[in-house]
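Quick note: the coordinates plus some simple rules give every number you see, no bench work behind them. Remember, it's a predicted structure, so these values are computed and weren't measured experimentally. Virtual Cβ from ideal backbone geometry, glycine too; neighbours counted across all protein chains shown.
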Amino acid sequence: MQTQRLSHRTSECHVSYEKITPTARLHDERVVMIHGAAHTSACYLRTPDGRPSWAYDFAQKGYEVFVPDWPGCGQSDPIALELHDGARIVAGLASLLEEIGGGVILVTHSMAGPYGWKLAELCNSIITRVIAVAPGPMGNIQEHSKILHESSDELTIRFLGNELTLDRAAPFSYSDAGAREKMIGDRSQHFPREYASEYLASLHPIAPQLMHERCNVRGSQLRVDDFRALSKIKFAVITGTDDLDHPPELDQQIVTYLLSHGISADFIDLGSRGIVGNGHMLMLEKNSSAIASIMLEWLHNTL
């Protein structure tokens, strides 16, 4: 197995990515894994306790795997805050997918969920299947955040039951307490808590417009405009049992919405598979390989 750090450049942005080439490539399709907010490609490469993460689980099964950093994040070149929005991230990732070519299996997590829905629409001739892990919904069905207070400098909102104050011009950073609650979760049975401090220190600030979009402030979340473009793609949404912001019934609504448009979509509730106690960071938890096996099983069953 070979791992390379490579770059993809357009006139507007730069995407740095890891390419993992299996010892024996057994599948024509390639897997592209898109990380969520406050993270980088590293979350798919290595767990906090030092185990190989999902990229290597998939590569061991013969898939060529690409793991990019969002444009403007990680090892990708910075983007000016006022220009750093979801549309620019999607454009950069779409350009990378075009360069990769062929059939692409897209794996998204959390805040990358809306990027995945939009990429499926824009790159429907390239993407064959999408696995969305605890994903943010498309703006078509996401509720608007309630605005509690606003000034020229900041905005206070209620989002998923939590009150957040967002600076209009500065990146958003989770407090340690906030990140522990959301990313690790009080009820998670599988996060390697002995490495929690190192994990929390690895988190990155989130550009202000990206955070506004994730919270769907005034309907700013990315939307799917043409569901017909998704008609040949198969989707799966996968959710743990103890994810604070992603109870199974909430993520099930995404699948129901896709099905209502005649799109092939499956809901994978880990609890129904006998896997309980997972929080939000499924690829980092101690049973990450068992969850990867369920994803790989879905891929096999949807050939």
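General observations
- Normalised contact order of the range 18-67, rounded percent, pairs of Cα under 8 Å and 6 or more residues apart: 57 percent
- Taking the Cα centre of the chain as reference, the dipole from Cβ charges on Lys and Arg (+1) and Asp and Glu (-1) amounts to some 620 debye.
- Estimated from the Cβ-Cβ distance and a Förster radius of 30 angstrom, the FRET efficiency linking residue 154 and residue 252 is about 0.30.
- Charging the Cβ of each Asp and Glu at -1 and of each Lys and Arg at +1, and nothing else, the dipole of the range 149-212 about its Cα centre rounds to 240 debye.
- Phi-based couplings in Hz for the range 49-58 (Karplus 6.51, -1.76, 1.60; Gly and Pro marked x): 8, x, 7, x, 9, 4, 4, 7, 4, 6
- Computed over neighbours whose Cβ is under 15 Å from that of residue 268, the net charge equals -3, Lys and Arg +1, Asp and Glu -1.
- The residue list 161, 290, 71 was ranked by how far each Cα lies along the charge dipole of the chain toward its positive end, using unit charges on Cβ atoms, and 290 comes out on top.
- Annotation: amide H-H contacts under 5 Å for residue 154 (H modelled 1.01 Å from N, sequence separation of 5 or more, or interchain): 168.
- Trypsin sites (Lys or Arg not before Pro) within the range 143-225, DSSP loop, no more than 16 other Cβ atoms inside 10 Å: 168, 187, 223
- 5 angstrom amide H check on residue 241, placed H, neighbours 5+ away: 271, 277, 278
- Around residue 296: net Lys/Arg minus Asp/Glu count, Cβ-Cβ under 10 Å: -1
- Here the chain carries DSSP beta bridges of which approximately 50% are antiparallel, counting only pairs with both residues inside.
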